[in-house]
1. For G51, what is the net charge nearby, where nearby means another residue's Cβ is under 12 Å from its Cβ and Lys, Arg count +1, Asp, Glu -1?
2. Starting with the fewest neighbours, write out K5, K83 ranked by other beta-carbon atoms found within 10 Å of each beta-carbon.
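Derivation of every value follows stated rules applied to the coordinates shown; laboratory data play no part. What you see is a predicted model; the values in this text were computed from it and never measured. For neighbour counting, all protein chains shown are included, and Cβ atoms are generated from backbone atoms with ideal geometry for every residue, glycine included.
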Amino acid sequence: MIEPKATLKVGDTIRITGQGSKSSKKAKIDFTQPVESMQLNHEPIVEANPGDGEIGLQVCQEVLEKIGLKASPQVLERCCVYKIQPP
């Protein structure tokens, strides 16, 4: 779950960095991926804006497996999510 500080849309590219969850604190995380889906209050949305509240993002399972983490809500709790601006 993240609370957007800028407008985020499906199709945007994000970068996720950090140490992972407390149980995997040795796992360094740094990857980019497109936003494929988002949810607000368990409902699909295509755009999130500051003030909308916490939104859910799906992290690619393939990326999680590459960095050796299992998918769980706590895996990325200590990470930062950045929107990548197109050139």
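1. Numbers: positive: K5; negative: E3, D52, E54.
Result for the neighbourhood of G51: -2.
2. Working: K5 12, K83 15.
Taking fewest neighbouring Cβ atoms as first place, the list is K5, K83.
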